[in-house]
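The values are calculated or read from the model by the stated rules, or taken from the named source; none is laboratory data. Predicted model, so just to flag it, every value in this text is computed and none were measured. With ligands, DNA and RNA removed, areas are computed over all heavy atoms of the protein, side chains included. Shrake-Rupley method; radii C 1.70, N 1.55, O 1.52, S 1.80 Å.
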Amino acid sequence: MSQTLNSGTAEPKDVTFRGRGHARLNGTRLSLLICPHCSQRNAPKAAEKGYCNWCTYEPSRADIEPAR
């Protein structure tokens, strides 16, 4: 992860996974809002689990980039 995505900050950061999908990183907690694999939008409760409710894809934290 880049230094702009410091996991020690208290403010949630919008992130993507190599430019795909959409998630919110809050400290070490990852909420997957739109899956980078199947492009489906997660329900709020499923998003908090950090993986896709539809295809069960779990994104790699190594692929995280800041959202533009």
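Assuming a viscosity of 0.692 mPa s and a temperature of 37 °C, what translational diffusion coefficient in µm² per second does Stokes-Einstein assign to the chain, Rh being the Kirkwood radius over Cα pairs?
282
Counting each DSSP H run of 4 or more residues in the chain as -39500 (n - 2.57), what helix-only mean residue ellipticity at 222 nm follows after dividing by all residues, to the nearest 500 deg cm²/dmol?
It lands at -1000 deg cm²/dmol.
Work out how much length Tyr51 to Thr28 would gain on full extension: take 0.36 nm times their residue separation and subtract the Cα-Cα distance, in nm to one decimal. Numbers along the way, then the final one.
On the way: separation 23, 0.36 × 23 = 8.28 nm, distance 1.42 nm.
Extra length available between Tyr51 and Thr28 comes to 6.9 nm.
If amide hydrogens are placed 1.01 Å from N in the peptide plane, which non-local residues have theirs closer than 5 Å to the one on Asn42?
Ile34, Cys35
Hey, what's the chain come to in accessible area per residue, 1.4 Å probe, Å²?
68
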